[in-house]
Amino acid sequence: MCGRYATSKASGDLSREFDVDPTHAVADLEADYNVAPTKQVPVVLSRPPRGEQQASPQRQLRLLKWGLVPSWAKDPAIGNKMINARMETIADKPSFRKAFATRRALVPADGYYEWYATDQVGPRGKPVKQPFFIRPKDGGVLAMAGLYELWREKVADDWLWTFTVITTSAEDTLGHIHDRMPVLVEPEHYDEWLDPRISDPEQLLGLLVPAAPGKLDAYPVSTAVNNVKNGGSELVQPIELQA
């Protein structure tokens, strides 16, 4: 799964990276090296201009809440259980099927965290888990595949925008840390993936691939990342593991 990640790029940097017109981008972004579910974070998506459903979609950079709430949900708290969507079932599962057809997104990240169960045993008799940070070796931005939804709050008559990160089986060099990883979208496929006018499941699933072996670097980091109150850049600094 993907339950924590880091995003530190400014709005202008992400707009250039994902070819978003600055007029369609959120103005200010704060770096967060410990993004957790329910937080508001930058997401790239494409939608027609408001009130012009037949017009060409515009690429946008918005702040969305992590944890997808389906449009039919009675309680938005369901989003706490929908931070990830398995690639193997997104085309058919009711919670994600409609979003997969027309509401796809890119979730920018510096990298993401996974926890590896060590041989050490903690005070409660459970294995001690060591966090690892996984990022591109070239220092670039990860474009994690995502889905987004709009949920209407009837009492306040307001719209809640939420998203989920799509996951797949981890490639071999990362599988020893965790068996799942975020699905990535390569730059040459951004247009197809984001275009809401494309809805063919086979075409869309063909755009989703794990990272190529050797593209990502994984290294141990401080257990300070376990606490969501910590969000500084020190969380992604590598540490040496004790023998």
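Quick notes
- On the stretch given as segment 53-87, residues that are of a type in the set (V, I, T) and in a loop (DSSP other than H, G, I, E, B) total 2.
- Residue check, V20 more than 30 Å from Q130 (Cβ to Cβ), within 17 Å of the chain's Cα centre (by Cα) and in a loop (DSSP other than H, G, I, E, B): no
Residue-wise test of (1) within 16 Å of L208 (Cα to Cα); (2) in contact with a strand residue (DSSP E or B) (Cβ under 6 Å, 6 or more places away or on another chain).
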| site | (1), (2) |
| --- | --- |
| N80 | no, no |
| N84 | yes, yes |
| T89 | yes, no |
| P94 | no, no |
| A101 | yes, no |
| L106 | yes, yes |
| A109 | no, yes |
| Y112 | no, yes |
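- Scanning segment 202-222 for residues that are exposed (fewer than 14 other Cβ atoms within 10 Å of the Cβ) and either more than 19 Å from A170 (Cβ to Cβ) or in contact with a Lys or Arg (Cβ under 7 Å, 6 or more places away or on another chain) (or both) yields E202, Q203, G206.
- Scanning segment 64-107 for residues that are aromatic (F, W, Y) and either within 20 Å of L142 (Cβ to Cβ) or at pLDDT 95 or above (or both) turns up W66, F96, F100.
- Whenever a residue of segment 51-69 is over 13 Å from T164 (Cα atoms), its partners that are among the charged types (D, E, K, R) and surrounded by fewer than 21 Cβ atoms within 10 Å (Cβ to Cβ), lying with C-beta atoms within less than 7 angstrom and at least six residues away or across chains, give the pairs P57/R47; P57/D195; Q58/R47; R59/D19; Q60/R47.
- For segment 90-106, the condition of being β-branched (V, I, T) and under 23 Å from F163 (Cβ atoms) holds for at least one residue.
The values are calculated or read from the model by the stated rules, or taken from the named source; none is laboratory data. These numbers come from a predicted model, not from an experiment. Positions of Cβ are generated from backbone atoms using ideal geometry, with glycine treated the same way; all protein chains shown enter the neighbour counts.
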